[in-house]
C-alpha cells in the first residue's frame, strides 16, 4: 500500500522549485555581466570590486565588501576587467558544510515543519564546484539518519553568489514506526531513497567561511511492515512518500 500526494500537488511542488531555479540562474547570469575588476595599485596593494563610476580623468569609484573606495588615476598601476577570483579564497581543498533546515509539508500531525540537521564533508574544485558526503538527522513521522552525496555549483566567486545543489542518498530509520492498527503489530521499520534539489545564495563572512541560505524540494521514501494474526496470519508493507519544501540555513567552512 502506498500513500502519496496527488498528481496536481506534486506538479505544483515541481513548478515552484523550477521557478526558484530559473530566478537563481538569471541572477547568476546577471552577476557575471557586472563590471567586476581587479585593480593593481602603484603602492603594491590589490583591490577587488565593482566599478560604480569613472570620470574623464581616469578616476574610479570601486565598491566591495569593505565599502566604496575612490581611486585616482595616479594611484592605479593597471586594471584587469571581467569576472575576478579572490585570491584570499581557497581554490581547492577540503570543506565542511553544517546546516539546519525546516521541512514544510502535511503529515500525520497536520501541517507542521519538521527539523533537519545535516553535515557535509567534501572537496572543492576551484571556487565554484563542491562535492561531498553528508550525514544527519531528520524527522518525518519518525526519526531517520540520512546518508547522501551532495554536489553544489556556485554561479560566481564574489562575496554574494547564487548556487544550485543536489542531494541523493538513503535514509536509515533511528526510531521504530509506532503501531497504527489495533489488530496489527509493526514488526519491521525501513528507510528509503532521498532526493533534494536546492537553490540558494552564499554570502562570504570571511576568507574561509560563508553563510548559505537555500530553498528546495525534499523527497523521502519510508516504509514499515505490519503483521496480523487474527483470522489468519499475514503481513502488510506500508510505503509513504514524503514531499516537503526545505528551507535551509548554514555555513561553509573552507
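Bear in mind that the values in this text are calculations on the coordinates, not laboratory data. Remember, it's a predicted structure, so these values are computed and weren't measured experimentally. Please note: Cβ atoms are built from the backbone with ideal geometry, for glycine as well, and neighbour counts cover all protein chains shown.
Taking label positions 7 Å along the Cα-Cβ direction at both residue 170 and residue 53, the computed distance is 6.2 nm, reported to one decimal.
The label-point distance for residue 153 and residue 76, in a model that sets each label 7 Å from Cα toward Cβ, rounds to 3.4 nm. Each label was represented as a point 7 Å from its Cα along the Cα-to-Cβ direction; for residue 137 and residue 193 these points are 2.8 nm apart. Cβ-Cβ distance of residue 104 and residue 64, R₀ of 30 Å, FRET efficiency by 1/(1 + (r/R0)^6): the value works out to about 0.25.
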